[in-house]
Amino acid sequence: MLPLARALRSLGSAGATRDGVLPARLLLSYFSSRPASSSSSSAPPEYEMPSVTWGVIQGRKERLVSRVLALDFLRSAGVSDPSGELEAVELPSSLDVLQERLDFLLRLGLSTDDLSNYPLLLACSLRKNIIPVLSYLEKLGVTRARLAAFVRAYPACLHASVAVDLAPVVKALRGLDVDRQDIPRVLDRYPDILGLKPDGTISTSVAYLVGIVGVAPRDIGPMVTHFPFFLGMRVGTTIKPLCDYITSLGLPMRILARILEKRPYILGYDLEETVKPNVEAMLSFGIRKEVLPLVIAHYPPILGLPVKAKLAAQQYFFNLKLQIDPDGFAHAVEKLPQLVSLNQNVILKPVEFLRARGISNEDVAQMVVRCPQILLQRIELMKNSVYFFKSEMKRPISELVEYPEYFTYSLESRIKPRYMRVASKGIRCSLDWFLNCSDQRFEERMRGDFIDGDTPGPLFTMGGKLQMPGSQLVSDDDDEDTDDEVLYRRTVMLW
């Protein structure tokens with residue numbers, strides 16, 4: 001038998017107070033004596049309901065007197081009720097019972113200010129509400145140290161029934177493939193989720209994202225773990241208008257689904273106050289409307305940033321330090337939207353490195369506009385690439401100015417082996433010709449008897465696959481994919 005059940009049964013009717021409520025000293029000793037983790041319990045604790053809730057049945061006049069005494073007692077203890085919430089609920093007639101509740105909640109870690117913010121906690125029965133709920137939360141994995149913070153964030157949980165209200169929500173989360181060990185994380189990030197109805201907002205939100213947007217069902221669980229708030233969003237007023245607006249800009253729905261799978265917090269951006277003003281700001285700074293879908297696909301957080309202020313600051317910096325005019329800055333942002341959030345000290349390092357190699361300010365500005373990805377390169381790697389370019393390839397520095405994408409390729413895995421192949425055949429070609437192509441295309445060129453002409457590469461891929469933290473390298477050899485799949489494959493490498 002579980003410890004609390006044994007305590008309740010050993011108490012019996014003789015050990016109970018006149019009101020049939022467990023003495024405070026036993027309740028407090030239960031929470032102070034239990035081990036820090038209760039995950040080893042395989043069954044929920046057992047509870048015995050009192051036969052009479054408040055003890056003596058009172059008349060109307062006695063109830064009014066008891067309420068006045070109870071409210072005066074709470075005020076003397078430092079608990080206020082500014083909105084009069086306790087006027088509409090039933091309070092215990094015995095001050096001893098009220099004292100037990102107050103002592104228990106304070107011992108749990110709540111303060112009198114917390115109770116004043118939500119005084120209805122004192123209307124919850126210890127045995128029928130508070131202890132069952134707290135025990136269930138501990139069973140789910142919410143540590144005892146976090147119980148007070150959890151109740152502070154969502155005090156209404158102590159009014160809930162474990163069997164009727166809480167357990168169905170947890171069962172619904174498990175049905176969405178949320179791992180059991182991630183349940184505490186979900187509850188900690190979004191305690192109000194326990195107040196949702198599984199067959200209401202939760203089911204409609206998931207059904208829309210899977211059935212209409214095209215989110216893969218297997219990705220719903222990770223989405224909930226990282227951003228559970230979307231389960232409480234209404235489809236008609238929040239999720240659908242946001243998705244409709246983003247797709248109206250030209251972003252395919254399939255790409256939007258892939259974005260939401262990776263970054264579900266996009267759903268939390270306010271459409272009217274954040275997303276639409278950001279789109280208007282980008283257009284006002286010279287970013288072309290037809291390029292907006294690519295900008296969003298490459299850097300989805302741009303929809304939720306203070307874009308106008310960031311663009312203004314970066315545009316001024318580019319003009320002052322890099323001598324790049326507003327049009328050039330707009331073209332650079334189109335190719336690398338992350339520029340709006342890039343630290344200015346980070347930007348200056350590769351610029352100063354190039355200038356130190358004898359490249360003029362005007363040429364450096366041209367290189368940045370053509371390939372802004374060079375601003376993300378590590379200086380150590382750039383040094384190695386320049387050394388190989390000058391010592392082994394023995395080419396003029398003007399070729400780097402014409403093709404700055406050279407710095408975005410891996411020296412060991414692409415530049416060196418391909419150059420050795422080209423040099424062994426005595427082929428004289430541009431950097432673009434032997435670097436900006438897939439392995440399959442390069443082999444075809446090596447087997448050919450002539451050098452075919454260079455063709456413009458797709459937008460945002462010149463310079464090769466730019467590897468950033470958390471990125472995924474994908475193959476570009478498959479020519480049978482749909483346009484949407486190719487677009488997504490070429491943009492996911494920048495996430």
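List of remarks:
- Condition met for residue 91 (in contact (Cβ under 8 Å) with a residue 40 or more places away in the chain and under 17 Å from residue 159 (Cα atoms)): no
- Segment 384-405 residues that are in contact (Cβ under 8 Å) with a residue 40 or more places away in the chain and within 16 Å of residue 363 (Cα to Cα), paired with ones that are in a helix (DSSP H, G or I) and among the β-branched types (Val, Ile, Thr) (beta carbon under 7 Å, 6 or more apart): 404/374
- Residue in segment 428-444 that is modelled with pLDDT under 90 and either among the hydrophobic types (A, V, I, L, M, F, W, C) or part of a loop (DSSP other than H, G, I, E, B) (or both) present: yes
- Listing of helices (runs of 4 or more DSSP H) fully contained in segment 256-353 that carry 1 or more residues being loosely packed, with under 15 Cβ neighbours inside 10 Å: 276-284, 307-321, 326-335
- The conditions of being touching a Gly at 6+ places or on another chain (Cβ under 7 Å) and basic (Lys, Arg) are met by residue 254.
- Residues in segment 361-381 that are within 32 Å of the chain's Cα centre (by Cα) and polar (S, T, N, Q) were compared, and the one that is surrounded by the most Cβ atoms within 10 Å (Cβ to Cβ) is 373.
- Criterion violated by residue 252 - all others in (1) touching a residue at least 60 places away in the same chain (Cβ under 8 Å); (2) surrounded by 19 or more Cβ atoms within 10 Å (Cβ to Cβ); (3) not charged (D, E, K, R) satisfied: (2)
- Residue 415 more than 21 Å from residue 351 (Cβ to Cβ) and either in contact with a Leu (Cβ under 8 Å, 6 or more places away or on another chain) or modelled with pLDDT of 95 or more (or both): yes
- All positions within segment 103-117 that are touching a Leu at 6+ places or on another chain (Cβ under 9 Å) and either among the hydrophobic types (A, V, I, L, M, F, W, C) or outside any helix (DSSP H, G or I) (or both): 104, 105, 106, 108, 109, 110, 115
- Output for segment 289-304, where each listed residue is touching a helix residue (DSSP H, G or I) at 6+ places or on another chain (Cβ under 7 Å) and either of a type in the set (D, E, K, R) or at positive phi (or both): 289
The values are calculated or read from the model by the stated rules, or taken from the named source; none is laboratory data. Quick caveat, the model's predicted, so the values are computed rather than measured. As a convention, Cβ positions derive from the backbone with ideal geometry for all residues, glycine included, and neighbour counts pool all protein chains shown.
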